[in-house]
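Engineer: So that we are looking at the same thing, I have put the structure below in structure tokens.
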Amino acid sequence: MLFLSASSAHAVATLLGNPYTPSGANFSIYAIQGLDPSTGHGSGGSPQVNRGVEFDDGLGVSYSQPNGNLTNFGLGLYSDAQHQIQTTGLRVQYNTLVDPFSLTLRLEDFDLGANDRFFRSDKVEPGILILGANNTILTNALPTDIWSALTVVPGGQGHGFSDVLDLSFTQLFANLNLQNTPIRGFVLYPDQTRGERPNSDPYFMVSAGNGIPAIPEPPTYFAGIAAFVFALLFHVQQARKRKRLIVTRNRLH
């Protein structure tokens, strides 16, 4: 896991740009405003990834207003100038296809209590769009798919009980009945299937792990071998031609 900073209840928001690439990461994080969960795309604007809106380690989205000003926020719902419900999101995109079973994601600030057996209906819940090759959406993981793939981080780094959670992609894929399909990344967003409204109390991403590059599919693997063999034969053929040319020149002299 790439831990981005220590947690604190006295946070100061810092703009990190768009995209933001953590040190040592093989991925970049993109801020999205006006997210459409059916496509994974945003409505434009000039959002930025931020850190520290509520806790020092929490990554969120600062979305832009029509006048260009930024509103520091997390992963939640907000109203635009036309009073339409808009959604923020964070897209984690790896440099290459990776093995999803190598990934763990850390999230925080769901305001859960010791007796909670599911996310609270008065606060946004997490949704995740799983992205395959070319960033196409493989599936949309809903809160019901995500809940049992979460484990509590002991101590919660000063947050409330069960307020910092690790998400296992291995368990998430099992919940979704997905095979170990290589992925390019994922989009975190706030689900609103239980009637959540803006301006919501957002949640945040703390960290994402580097992904192990996926093993090429057999056709790709064999194609690579074939290309290597072809190049080797071409090199040998050219070497033989050069050798025959040298022999011929020696005879002429």
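The values are calculated or read from the model by the stated rules, or taken from the named source; none is laboratory data. Only a predicted model underlies this, so the values are computations on that prediction, with no experimental measurement involved. Counting neighbours? That spans all protein chains shown, and the Cβs are built from the backbone with ideal geometry, glycine included.
Engineer: Looking only at segment 96-136, which residues are among the small types (Gly, Ala, Ser), outside any loop (DSSP other than H, G, I, E, B) and surrounded by fewer than 16 Cβ atoms within 10 Å (Cβ to Cβ)? So that I can check it myself, show each step before the final result.
Structural biologist: First, the residues of segment 96-136 that are among the small types (Gly, Ala, Ser): 102, 113-114, 121, 127, 132-133.
If we keep only those that are outside any loop (DSSP other than H, G, I, E, B) as well, we get 102, 127, 133.
If the condition is that a residue be among the small types (Gly, Ala, Ser), outside any loop (DSSP other than H, G, I, E, B) and surrounded by fewer than 16 Cβ atoms within 10 Å (Cβ to Cβ), then 102, 133 are the ones that fit.
Engineer: Can you tell me which residues in segment 26-36 are buried (at least 23 other Cβ atoms within 10 Å of the Cβ) and assigned to a loop (DSSP other than H, G, I, E, B)?
Structural biologist: Within segment 26-36, 35 is the sole residue that qualifies.
Engineer: Still on this model: Taking the criterion of being within 27 Å of residue 193 (Cβ to Cβ), in the same structural domain as residue 150 (by TED's automatic domain parsing) and out of contact with any Lys or Arg (no Cβ under 7 Å at 6 or more places or on another chain), would at least one residue in segment 19-26 satisfy it? Quick ask: steps written out before the conclusion?
Structural biologist: As a first pass, look at segment 19-26 and keep what is within 27 Å of residue 193 (Cβ to Cβ): none.
No - not one qualifying residue is present in segment 19-26.
Engineer: If you don't mind, there's one more thing I want to ask. Can you give me the number of residues within segment 62-81 that are of a type in the set (Gly, Ala, Ser) and surrounded by fewer than 20 Cβ atoms within 10 Å (Cβ to Cβ)? Explain how you work it out, then say what you get.
Structural biologist: Step one: filter segment 62-81 for residues of a type in the set (Gly, Ala, Ser), giving 62, 64, 68, 74, 76, 79, 81.
Pick out the ones that are also surrounded by fewer than 20 Cβ atoms within 10 Å (Cβ to Cβ) and you get 64, 68, 79, 81.
Within segment 62-81, residues that are of a type in the set (Gly, Ala, Ser) and surrounded by fewer than 20 Cβ atoms within 10 Å (Cβ to Cβ) number 4.
Engineer: Moving on. Mind listing whichever residues of segment 55-108 are among the hydroxyl-bearing types (Ser, Thr, Tyr), without any contact (Cβ under 8 Å) to a residue 40 or more places away in the chain and over 30 Å from residue 133 (Cβ atoms)?
Structural biologist: Applying the first criterion (among the hydroxyl-bearing types (Ser, Thr, Tyr)) to segment 55-108 yields 62-64, 71, 78-79, 87-88, 94, 96, 102, 104.
Then keep just the ones that are without any contact (Cβ under 8 Å) to a residue 40 or more places away in the chain; that gives 63-64, 71.
Once the filter is applied, which keeps residues that are among the hydroxyl-bearing types (Ser, Thr, Tyr), without any contact (Cβ under 8 Å) to a residue 40 or more places away in the chain and over 30 Å from residue 133 (Cβ atoms), segment 55-108 yields 64, 71.
Engineer: Picking from 39, 87, which residue would you name as being assigned to a strand (DSSP E or B), of a type in the set (Ser, Thr, Tyr) and either out of contact with any Phe, Trp or Tyr (no Cβ under 9 Å at 6 or more places or on another chain) or within 20 Å of residue 198 (Cα to Cα) (or both)?
Structural biologist: Details: 39 fails: assigned to a strand (DSSP E or B).
Being assigned to a strand (DSSP E or B), of a type in the set (Ser, Thr, Tyr) and either out of contact with any Phe, Trp or Tyr (no Cβ under 9 Å at 6 or more places or on another chain) or within 20 Å of residue 198 (Cα to Cα) (or both) holds for just one of 39, 87, which is 87.
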